[in-house]
1. I need the full set of residues from segment 35-62 which are among the small types (G, A, S) and either modelled with pLDDT under 85 or more than 18 Å from N73 (Cα to Cα) (or both), in order please.
2. Taking the stated definitions as given, is I131 over 20 Å from the mean Cα position of the chain (by Cα) and either surrounded by fewer than 13 Cβ atoms within 10 Å (Cβ to Cβ) or not basic (K, R) (or both)?
3. Read through the list (1) in contact with a helix residue (DSSP H, G or I) (Cβ under 7 Å, 6 or more places away or on another chain); (2) surrounded by fewer than 18 Cβ atoms within 10 Å (Cβ to Cβ); (3) part of a strand (DSSP E or B); (4) of a type in the set (D, E, K, R), then give the number of the only condition that D68 fails.
4. Looking only at segment 88-111, which residues are open to solvent by 70 Å² or more (accessible area, probe 1.4 Å) and within 28 Å of R71 (Cβ to Cβ)?
Amino acid sequence: MREIPLTQGKIALISDEWYSFISLWGWHYHPHGYAVRNTRVEPRSLLPMHRVIMGTLGLHEVEVDHIDGNRLNNQVSNLRIVTLAQNRRNRKRQSTNQTPYKGVGLHGGKYRARIGIEGRMIQIGTYATAIEAAQAYNEAAIIHHGEFARLNEL
């Protein structure tokens, strides 16, 4: 593993075999949490480091997923080509969530567990505690999202 310095004091991680190529350019920290570089081609655009490494520049029908959720960890072992739906399954808990758990929210004084499946929100159930609801979400995520499931840490 090698480190690539970015602006704002950030560091991107890459696999050793990519260092000599990636280090040819200056890279920047993007507000969305990615490592990018500016092109000199008009109109100017940003090249995300993870797309350069995975060879998906210009392929809008695929996405590159950071398996561990760290958008600055661009090691080949942490990247995979996925569909938009698969990438969404691996999202972290939304910052607007009322609880510390993904898929869990307050509803009528209890904790409701829900999961998104094929564009629909499916209710898993209501529980007395947030931890019980988070456990139920985790079980459903393993079944429905498989290797793309981002589980709650309990």
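The values are calculated or read from the model by the stated rules, or taken from the named source; none is laboratory data. Note that the structure is a prediction, hence the values are computed from the model and not measured. No Cβ is skipped: glycine too gets one built from the backbone with ideal geometry, and neighbour counts run over all protein chains shown. Accessible surface is based on the protein model in full, side chains and every heavy atom, while ligands, DNA and RNA are left aside. Shrake-Rupley method; radii C 1.70, N 1.55, O 1.52, S 1.80 Å.
1. Correct list: S45, G58.
2. The answer is yes for I131.
3. Going through the list (1) in contact with a helix residue (DSSP H, G or I) (Cβ under 7 Å, 6 or more places away or on another chain); (2) surrounded by fewer than 18 Cβ atoms within 10 Å (Cβ to Cβ); (3) part of a strand (DSSP E or B); (4) of a type in the set (D, E, K, R), D68 breaks only (3).
4. Within segment 88-111, R88, R91, K92, R93, Q94, S95, T96, Q98, P100 qualify.
Matching residues to (1) part of a helix (DSSP H, G or I); (2) hydrophobic (A, V, I, L, M, F, W, C); (3) surrounded by 13 or more Cβ atoms within 10 Å (Cβ to Cβ):
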site	(1), (2), (3)
T56	no, no, yes
Q86	yes, no, yes
A113	no, yes, yes
Q123	no, no, no
A136	yes, yes, yes
G146	yes, no, no
